[in-house]
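The values are calculated or read from the model by the stated rules, or taken from the named source; none is laboratory data. Note that the structure is a prediction, hence the values are computed from the model and not measured. For neighbour counting, all protein chains shown are included, and Cβ atoms are generated from backbone atoms with ideal geometry for every residue, glycine included.
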């Protein structure tokens, strides 16, 4: 059974051959929520997935739901390839999210909350505190909270206050004892304070409950009727017409200021909020009843991240520190690092390979080596204490030519990237802010070194950001090489990014928006020539592009065996007779976020000559048309063998895997009650640990100079 409403012979020309992108994304977040429900995981690990689910959903509403609402408001009737109108999508999204919220409440209130209490991590309501705890909470309110709060009245003399995006607030109603009249006020819960307050008994109480219990201090002489928490989500998508901008940095800064005042699109609250308070919020925020989501438990589950800082390793999964690549062990100087890369290409696989001991060290070694004359690097997202940023600054101060392409339009990292850009500029780094009409999403580094035979180029091309923090739990690949063809390609790419180039030809790279889609579809079509001897395995975050999907359908119809490992959105429908019965799709969701993009074709270079590519590009229209992405070919040999092994390990996984069906639904490959079986993350950790002892967090060799 295909699970579709049309006959297989007709589906090739029907929108039913695609799953809706937004519904597929919600199915991914459903799998994240299932991690919170998974009783095989430690308690705080499950609590972490409650927070991840909530954070994911916040971003989904701020961008995707906001975009759909804008389309409806503008009267746009544009229909995506799957055939669902914006209004239809919004209705389906609401139904799915309400179901998710019910599950989230059941797992937290019914399982995690009492189980954590049994383990000594007690989260209680204010009314359950002892007298000593109440006294301590009151003292904390007086000393640290009271002075921060600003009650804002709403009446003819006080307009309704601005409610910032994702902030937690209290809707308070107070009564004037002189005449019995009631009044509405809003109090913002300070985001600078911990969401859950520890009290002397070792228990925790929500900050909003401490404030509510002390409202009489804020409204002197008034009777407190009650206070109810609420949370507003706003349209936070950055709509930048960079083609009209005279200064991209200035334009992004201005748009960020505008984004703070984006239209409200969602209101979260508890079901006990009185109708009078609810109607005020709906009226002033210009929302409809269907924009309200009722939450059981606590508003804003991202606050549960606080408990990840507890010293309770028995309630968490152990952190794998990553290993130093064996090839880099015992190197004493930076020049030895480059000698090694001259001798062989290095494939790194994070978090199993330590990012600090490989990619960061590559940039640090380049910054310190007096023979290095230039460093060029793309920055899409990085961390607040990035050693790579520090290395670039040291290199510039040492007189090296340093260029950093900082993508100011990286969603939700715009402010941080503006700060990095200015800091780098102040140190003498040549900073490029991006390209008009495109985001720079490729992950590339170019190091130019003066050697006896002349200038030699060393490159890193990766699938993940130059972010040492996320590299500890994002799974990614990277190639470090001195191959001249890669050096030529990466040089040409940087010249395109920093200067003016057209019609650039690449030997080892596929680069969007010009060659990634035709390159991938060409490889798919090439595999069709081999029929049942053809084999395609692709691993990515998202598969949305209609032309790529139709190419895969064509390959399936030609008999090619296709396995897709798609963590997030997948708009392709596998297993449809006559269309995609040779395609299998699975999603792997576990303690590491599967982030790498790996594309393999058994006969890509000819019969039995496999083609492997890794890089930054997912198969989505935005990646193929509106971003600069780079995929690098990995030639035959041990690196290609390693990629093939990791892909096979993905396909062999049992405990973390979900299978996609033709109707767009997912099921676990094995029931959540099964504890024995192949776990991809355990297998790859074990393989890494067998190679070399695990590197302790924070330790690394120091490379000297020649």
Test: residue 406 is touching a residue at least 40 places away in the same chain (Cβ under 8 Å) and within 25 Å of residue 617 (Cα to Cα): no
Subset of segment 446-469 (residues that are within 13 Å of residue 338 (Cβ to Cβ) and either touching a strand residue (DSSP E or B) at 6+ places or on another chain (Cβ under 9 Å) or modelled with pLDDT of 95 or more (or both)): 447, 448, 449, 450, 455, 456, 457, 458, 459, 460
All positions within segment 447-487 that are free of Cβ contacts under 8 Å to residues at least 24 places away in the same chain and within 20 Å of residue 371 (Cα to Cα): 452, 453, 454
Residues located in segment 196-214, provided they are over 19 Å from residue 271 (Cα atoms) and either outside the structural domain of residue 140 (by TED's automatic domain parsing) or outside any helix (DSSP H, G or I) (or both): 196, 197, 198, 199, 200, 201, 202, 203, 204, 205, 214
Residue satisfying condition, being modelled with pLDDT under 95, buried (at least 22 other Cβ atoms within 10 Å of the Cβ) and in contact with a helix residue (DSSP H, G or I) (Cβ under 9 Å, 6 or more places away or on another chain), within set 579, 624, 572, 619: 579
Pick from segment 80-92, criterion surrounded by fewer than 17 Cβ atoms within 10 Å (Cβ to Cβ) and in contact (Cβ under 8 Å) with a residue 24 or more places away in the chain, ranking: farthest from residue 25 (Cα to Cα): 83
Test: residue in segment 314-321 that is exposed (fewer than 13 other Cβ atoms within 10 Å of the Cβ), at pLDDT 95 or above and more than 18 Å from residue 62 (Cα to Cα): yes
Residue that is nearest to residue 593 (Cα to Cα) [pool: residues in segment 551-560 that are without any contact (Cβ under 8 Å) to a residue 60 or more places away in the chain and assigned to a helix (DSSP H, G or I)]: 552
Residue 141 vs. criteria in contact (Cβ under 8 Å) with a residue 24 or more places away in the chain and part of a strand (DSSP E or B): no
Segment 634-667 - residue that is assigned to a strand (DSSP E or B), under 25 Å from the mean Cα position of the chain (by Cα) and touching a residue at least 60 places away in the same chain (Cβ under 8 Å) and, of those, nearest to residue 327 (Cα to Cα): 657
Selection status of residue 597, over 23 Å from residue 662 (Cβ atoms) and either in the same structural domain as residue 349 (by TED's automatic domain parsing) or at pLDDT below 95 (or both): no
Residue within segment 417-431 that is under 24 Å from residue 364 (Cβ atoms), more than 20 Å from the chain's Cα centre (by Cα), assigned by TED's automatic domain parsing to the domain that holds residue 368 and modelled with pLDDT of 90 or more present: no
Segment 534-546, residues that are over 22 Å from residue 477 (Cβ atoms) and at pLDDT 95 or above: 534
